[in-house]
1. For the range B:126-191, evaluate the Debye formula with one uniform point scatterer on each Cα (no solvent term) and list log10 I(q)/I(0) at q = 0.28 Å⁻¹, rounded to two decimals.
2. Test of understanding: ordering B:231, B:334 by Cβ neighbours within 10 Å, fewest first, what list do you get?
3. Where is the GNM fluctuation largest for chain B (alpha-carbon springs, 10 angstrom cutoff): B:224, B:119, B:293?
4. What residue among B:170, B:303, B:108 shows peak mean-square fluctuation when chain B is described by a Gaussian network model with Cα springs under 10 Å?
5. Of the candidates A:125, A:181, A:116, which one comes out as most mobile in a Gaussian network treatment of chain A with C-alpha springs shorter than 10 Å?
6. Suppose only helical runs count, i.e. DSSP H with n ≥ 4. What mean residue ellipticity at 222 nm does that imply for the protein assembly as shown under -39500 (n - 2.57) per run, divided by all residues and rounded to the nearest 500 deg cm²/dmol?
7. How far apart, in nm, are two points set 7 Å out from the Cα along the Cα-to-Cβ line at residue B:209 and at residue A:155?
8. Under a plain spin-label model, where a point goes 7 Å from the Cα along Cα-to-Cβ, how far apart in nm are residue B:118 and residue A:186?
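Derivation of every value follows stated rules applied to the coordinates shown; laboratory data play no part. Every value quoted in this text rests on a predicted model; they were computed, and no experiment measured them. All Cβ positions, glycine included, derive from the backbone under ideal geometry; neighbour counts span all protein chains shown.
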C-alpha cells in the first residue's frame, strides 16, 4: 500500500527542516601495520575459585552477557581505570563465541516449546551485539561492533581480524573478548593496538 | 590491479561483485528479487510454517514450505558460482575465504559444518545481528582491496522460525497491522522475512582469470559504533552518519555522488528517526532518492544486509529505484526524498546501502555500477 501521489511533495524537500549538522567525528583512514599487534591489557573470567559475575540491569535468565561484560570491564579497567575510557583512541569491540548465548537461546526455546509467554527482555539480549552495546556505552567506545561465531577458532584468527579493522582504518585499537557459556563459563579479553 | 582513488592511505584494488545467488520470499535468483522489489508488492502473508496463536503479529515474508537453511545456502552458493573452481588450484585461489552470517545460537555451528561439507568452503561465521552480513562484506572488501585475498565469498541466511518470531513479537518489534511502513507516520514496526544470499567478491585479475563479468563494484564501506545504548540507536544518528562518511572517504567520493539510498528502514519508530537524522546529516541540502526494501521482502535479520545489497545491485542493473512500500503519511521528522508509488529511473552515481543493529553497530556500503 502506498500513499496518494499528491502527498509526497511534503517529504521531498528536507532543507527547511534540517537541523544543525552534528559533528560525527573523524572518519576512517587506512594504514599499514609494521608488525603484530601489542597486547595493552588482558583479563579473564574466572580469575580465581569462587569468582562471581555481577548482574547487569536488563539482562535476565542467562550468564552470557554478564560474562562478556565483566571480562571486558576487567580488561578496560586495567588500562583506563574506572569508566569511561578517557583518552582512548577509537576502539572496536570484537566478541567471539562459538555457540553464543546458550542461556538465552535455551530460555527462549523452553518458552516457545511450552507455549509460554516469552519474557520481553529476552528480545534485547537475543543477539550478542546487545552486551557489546552495554560495554560501548559504559566505556564510551565508538568503534565497530562485531560478533563472531564458529570458524574463528584460535587467537591468531582473532588477532588477524583485529589487525584488519585497524589497517582498514575503522579502529585504532580493538578489544577482543572470547566467551564460552559452559558449564563451566569462561572468557578472556585482550586490548590490542599497533 | 585497479587502484581506487583514496584521499589518504595506501593504494587499494577494486572490489568487484562477481556473482550473486538469492532465495527470498520472491523466489529463486537475483532476477526474482529485483522484479519483486521493483513491483513494490509486499510479500507478507500469514505465517503457515508454524503456529502464531498467542502472538501479537501473524505475518512474515516467507517462501513456500519449511526449507532447510543449509540447503538454501548450498543452493545460493552454487548460483553465485562460489564453490572453488577445480582448475584454480594455485594460491591464492585455492584458499577462497568464506564468511557466513547466521543467527548466533547453537544452530549456527551445525549449519556451517554442513555447508562446509557440501561445498568445500570453510566458513567463518558472523553473528552480529542486522549488520552481520554487511560487516562481513566490509571485511571481505578490505581483504581484497589490500591484496590479502583475491576472492572472498560472503553468504548469509535466515529463515523465519518460531523462536525468533516469538522473541521479536514479545519485544513488540513486529507490526500488528501486517505492513512495514518505513519513515511513515503510523509505522508499527518490522516484519520478518526469509533470505539466503551469497555474494562472490573478487579482484579484477581473479574475475578476468575465470572469464567472469562483474555485476557491480563495492566502492566504499565502513563500520562504526554509537557508544550509546544496548539496543537503541543514537537519536542523532551520529554513528551511522560517520559510517557513510567513512564509506565515501574510501570511495574517494562526495555525498553528491550518491544517487540512491537503500535504507535500513525497518519501520521501527526510533530506528527510522535515527536513520533519517543520519541521512540529513550526510545530505543537509536534501537526500537523494531513498527507499527501504524491507517494506516488501521483510527483515531477514543476520541476512538482511546481504539481501539489501543484492536488491541494490539488482536495482542498479535494472536502472530503476524500488519503492518504499507501505508508506502512508509524512513523518515530519523523516524528511527524506522517498521513492513512493512507483519506481524511479536510476540516475547515474553510487548507491548507498546502510544497516544498523543492536549494540549501536552501523555499516555503510557504496555500490557502483560495473
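1. Taken in order of the listed q values, log10 I(q)/I(0) reads -1.17.
2. On the way: B:231 23, B:334 26.
In increasing order of surrounding Cβ atoms, one gets B:231, B:334.
3. B:119
4. In the Gaussian network model the winner is B:170.
5. A:116
6. On the way: 15 runs with 168 residues, N = 564.
Theoretical 222 nm ellipticity from helices: -9000 deg cm²/dmol.
7. Modelled inter-label distance: 3.4 nm.
8. Inter-label distance under the simple model: 3.5 nm.
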